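Notes follow the structure.
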Amino acid sequence: MEYLIFDIARILRQSGINVSTREIADSIQALQLLNATQMDKYALYNLLNGTMLKTEWGAGYLQRLIELYLEPDPEIMADRAGVLPLKSSLPGEAGYGEGGSGGTSGGSPLQLLIEAVLNRETDLLYSSVKRHMQGIEDISENQEEALASLKQGSGWFEVYGRIEEDYRCGRISAAEYQCAQNSLALWENFFIAEIERLQARVMSRDYLSRLMKRQNPWQSNILDSDAPLDIMSREVAKLAKRLAVKKGRRRQVSIQGRITISKSIKQAMKTGGISFKLVRTARKPSKPDLCLLCDVSNSVRRFSYFMLLFVYALQKRCSSIRSFLFIDEVLEVTDYFKEQDAGSALAAIGRLKGFNCTGFSHYGKVLHQFAGRYLEVLNKSTTVLILGDAKNNRNTVDGSEVLYKIRENAKALYWLNPLAKELWDRDDCIMEKYRPGCTGMYPCANIEQLERFVAAIL
């Protein structure tokens with residue numbers, strides 16, 4: 001059992017979660033106190049949840065890992081999906097798409113699946129998925145291919161087509177249609193969970209680590225459609241609060257702190273070289289001015305929203321924050337954010353006008369506009385942050401020549417890009433053209449990268 005603890009800790013570390021030696025020791029000590037040579041999965045989950053991963057989202061994350069590591073346990077699955085006790089089968093179903101012979105008096109398998117979707121009979125859908133997965137020992141490592149194959153074989157596409165047809169013909173109401181869409185999404189998620197479980201079983205531990213890394217909120221890509229946005233929003237707010245009270249790098253004279261020899265000697269010179277008082281210094285919080293230029297085009301809107309949410313949660317640490325939105329025009333929204341909390345402001349940001357004429361990013365035009373209108377708002381204590389993917393949509397004017405002016409009028413200019421570095425000079429992304437005009441350029445696709453960047457500049 002101790003080996004199991006070490007192996008799970010290794011997977012957690014490889015997935016980007018910091019598991020300390022103390023936490024591993026606590027897990028082993030708890031195991032010894034329980035005096036258990038054998039332990040069911042639910043007890044193991046509770047033990048690790050109390051000793052190894054103690055975050056708000058850690059319980060569900062650890063639960064998912066144990067499901068993949070040790071095969072799903074009925075009690076755990078009941079907690080996660082709320083589908084137990086399972087009905088053994090769909091009435092009259094011999095397995096739609098699996099060579100079944102069809103229905104009985106209860107109706108055809110397809111019709112029964114349609115009714116289960118319309119009535120959101122979660123247990124029947126989950127039971128259907130489990131039966132469909134029986135006997136499958138090998139599966140594609142490409143999750144999209146595996147999912148498409150399973151949906152085809154299970155009748156998912158046929159049910160989807162019938163639901164769409166019934167709605168178009170008026171045979172089901174809008175409310176029934178929405179319920180059916182939710183059921184279809186849940187049915188698909190059940191298949192995804194089973195695919196991940198099977199892939200983790202037949203593939204290496206390294207694959208399991210990569211899979212769990214994608215599900216780690218601190219490692220999840222902000223731009224991914226399946227990123228856990230609610231959890232990530234809360235983690236971003238917590239990070240901002242933690243950084244807001246972090247001490248800066250500069251030091252000032254203080255009653256407490258580290259003794260400074262040079263200042264103590266200088267003080268002693270005033271009394272004939274005799275030191276009557278040792279001078280101590282402590283780190284003081286830095287309070288930079290921030291100026292944000294945020295690309296809110298469709299490709300990176302989610303990234304800019306997260307960054308704005310983070311910066312305004314960090315505002316106690318800043319002397320001032322000035323914010324500008326752009327797509328192909330630049331618009332200052334500093335006062336807009338002062339009038340309401342950041343969450344409400346971001347939710348209604350689509351109603352603002354003045355930053356989007358064509359719907360396509362034009363960095364060259366925007367940078368020229370900013371340099372022409374707002375250079376006077378910058379000073380030598382201002383840090384400029386440009387948030388965007390640098391996709392100029394092949395416009396001939398790129399604005400790289402005016403970045404120098406912006407940087408010269410500010411303390412520093414940093415560019416944060418949610419795209420991976422290997423994509424920075426492909427297609428219409430022109431990051432390399434902007435590099436000479438920036439103090440630094442950083443990939444910033446997840447919370448962990450954001451924390452590293454902010455900790456470096458504060």
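The values are calculated or read from the model by the stated rules, or taken from the named source; none is laboratory data. Predicted model only: the values in this text are computed from it and were never measured. Cβ coordinates were reconstructed from backbone atoms using ideal geometry, including for glycine residues, and neighbour counts include every protein chain displayed.
Brief remarks follow.
- Spans of helices (runs of 4 or more DSSP H) in the stretch 114-193 with at least 3 residues within 30 Å of the chain's Cα centre (by Cα), within 29 Å of A227 (Cβ to Cβ) and without any contact (Cβ under 8 Å) to a residue 24 or more places away in the chain: 143-154
- Of the strands (runs of 3 or more DSSP E) lying entirely inside the stretch 248-319, those containing at least 3 residues that are at negative phi and modelled with pLDDT under 70 span 251-254.
- The residues of the stretch 424-449 that are among the aliphatic types (A, V, I, L, M), touching a helix residue (DSSP H, G or I) at 6+ places or on another chain (Cβ under 7 Å) and closer than 25 Å to L229 by Cβ amount to a single one, I447.
- Residues that are assigned to a loop (DSSP other than H, G, I, E, B) and touching a residue at least 12 places away in the same chain (Cβ under 8 Å) were ranked within the stretch 328-339; the one that is farthest from K391 (Cα to Cα) is V333.
- Of the candidates L150, L90, the single residue that is under 25 Å from L198 (Cβ atoms) and at pLDDT below 70 is L90.
- Filtering the stretch 417-434 to residues that are charged (D, E, K, R) and either in a loop (DSSP other than H, G, I, E, B) or crowded, with 16+ Cβ neighbours inside 10 Å (or both) leaves D425, R426, D427, D428, K433.
- Any hit, the stretch 398-416, residues being under 24 Å from R302 (Cα atoms) and assigned to a helix (DSSP H, G or I): no
- Per the listing V377, V366, the residue uniquely surrounded by 14 or more Cβ atoms within 10 Å (Cβ to Cβ) and touching a Gly at 6+ places or on another chain (Cβ under 8 Å) is V366.
- In the set G372, G354, only one residue is of a type in the set (G, A, S) and out of contact with any helix residue (DSSP H, G or I) (no Cβ under 9 Å at 6 or more places or on another chain); that residue is G354.
- Put simply, of G350, G354, G364 the only residue that is assigned to a loop (DSSP other than H, G, I, E, B), of a type in the set (G, A, S) and in the same structural domain as L293 (by TED's automatic domain parsing) is G354.
- Test: residue in the stretch 340-350 that is of a type in the set (S, T, Y) and touching a residue at least 12 places away in the same chain (Cβ under 8 Å): no
- Exactly one residue out of N417, N356, N446, N392 is under 18 Å from S304 (Cα atoms) and in contact with a Pro (Cβ under 7 Å, 6 or more places away or on another chain): that is N417.
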